[in-house]
Amino acid sequence: MGLISKTRMAGSRLVLAAVALGLAAAAPPPTAEPDAAAHEAAAARKLAGGDLTAPLFLCEANSTFVLDLIKNHQNDWLPPTRVFDNLYFIGTRFVGVYVLKTSAGLILFDSGTSVAFARDEIAPRMKTLGLDPKDVRYVVVTHGHWDHFGGAPYWQDASGARIAASKADWRLMEKAPRDSVEIAKQPIPRHDLEIADGQVLTLGDASVTLYVTPGHTPGTVSAMIPVRDHGRTVVLSLLGGTVFPTVRQPNNRSGGQLQWEASIRRLAGLAERHHAVGLLNTHAFADGGEARMAALRKKGDGGPNPFVIGTRSVVRYYAVVDHCVKAALARPENPASPIGTSFPED
């Protein structure tokens, strides 16, 4: 694609950082799978059935799924897609942004991987969907890794957007070494809004509830997002992180596996409370979003939206992920990981 060429060099420069970030560490030498880990992985596969298999790579001890995706599909763009009446996805098979259209402007969930990615790739594709990049009012950064915050400075300058992240992940972005796998030498947005747990972000006719769900990072943010489905309001549950950290306890680089497990379990309860009927993740490979968008484009405007799977299935998704976290907890820690230990602070 013509648009890709402008950011291919920047993307290739970041591949190694993405590999480290996505896989969390060079895997330890293969050993026999602990019985408890194998049991939890089997339980996840059974619970996933045939419809919620996307996150099962998380159950694998030495999965190369994310590595293969980055190496082979990082620059494979998915067609820009209107997912609901007022919700859109723009991105690659690796990562993208969701755009919520409101009566008073646009809210972005994540920002693109870099300023060039946002300017030369995301913004032009927004226009093909009838969206004006200058209408972006807020960018919710789900967590402080370069592939989620990298484009934020562009939106601050191009549209005056307010950038929102948790206090813990502002700290991660601002304090982590510039050449770390989390930052990958990307410019940091100007410190703006700090998201509090349970905060409601309202813009025009839309109100999104934001939750701090530590684990993937110290302050990962997830959300409950009301959208319109042929005029009917439904709620979607957005998971703000994906791959598990390699260490049990929190530090200034991650929330640790134990907190991630607690966050996943909490999100299952929140999904029930909000009556969430669908899933979102800006890594569309992690929740089946890529396949659902393909089905949506194929079916056109007729029939049910494939993103609407029902609250029971949303809760079941989180239960699948929970079993995978338990499998990780049953394996040895790998504190030698490049993101397993704390970074020194000023």
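Quick note: the coordinates plus some simple rules give every number you see, no bench work behind them. All of these numbers come straight from a predicted model, not from anything done at the bench. Cβ placement follows ideal geometry from the backbone for every residue including glycine, while neighbour counts extend to all protein chains displayed.
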Projecting each Cα onto the charge dipole of the stretch 238-296 (Lys/Arg +1, Asp/Glu -1 at the beta carbon, about the Cα centre), which of Leu267, Leu279, Gly255 comes out farthest on the positive side?
Gly255
What number do you get for the stretch 114-181 when its Cα radius of gyration is normalised by 2.2 N^0.38 Å, N = residues?
1.15
May I ask what percent, to the nearest 5, of DSSP beta bridges between residues of the chain are antiparallel?
70
Whole-Hz couplings from phi, Karplus 6.51/-1.76/1.60, listed for the stretch 163-176; x for Gly and Pro
9, 10, 8, 5, 4, 5, 7, 4, 4, 4, 4, 8, 9, 5
With point charges of +1 on the Cβ of Lys and Arg and -1 on the Cβ of Asp and Glu, referenced to the Cα centre of the stretch 34-329, which listed residue (Val221, Ala116, Gly302) lies farthest in the positive direction of the dipole?
Gly302
Any idea what the relative contact order of the stretch 34-329 is, in percent, if you count C-alpha pairs under 8 Å spaced at least 6 apart?
19
Given charges of +1 on the Cβ of Lys and Arg and -1 on the Cβ of Asp and Glu, with all other atoms neutral, how large is the dipole of the chain about its Cα centre, in debye to the nearest 20?
580
Using the per-residue mean of other Cβ atoms lying within 10 Å as a proxy for protection, in what order, highest first, do the peptides 160-166, 210-216, 229-235 fall?
210-216, 160-166, 229-235
Quick one: the Cα spread of the stretch 34-329 along its three principal axes, in angstroms, biggest first?
54, 49, 37
For the stretch 153-205, what does the relative contact order come out to in percent, with C-alpha contacts under 8 Å and a separation of six or more?
42
By average C-beta atoms within 10 angstrom, highest first, the peptides 70-81, 92-103
92-103, 70-81
Divide by every residue of the chain the summed helix terms, -39500 (n - 2.57) for each DSSP H run of at least 4, and state the resulting mean residue ellipticity at 222 nm, rounded to the nearest 500 deg cm²/dmol.
-10500 deg cm²/dmol
Positive-end residue, the chain charge dipole about Cα centroid, Cβ charges, pick of Ala104, Gln74, Gln199
Ala104
Once each part is reduced to its C-alpha centroid, what is the distance from the stretch 239-292 to the stretch 67-128 in angstrom?
20
Give the relative contact order (percent, whole number) for the stretch 200-346; include only Cα pairs under 8 Å separated by 6+ residues.
23
Among the listed pairs Lys101/Lys326; Lys71/Lys127; Lys101/Lys167; Lys71/Lys326; Lys127/Lys326; Lys134/Lys298, which are separated by more than 32 Å between their Cα atoms?
Lys101/Lys326; Lys127/Lys326
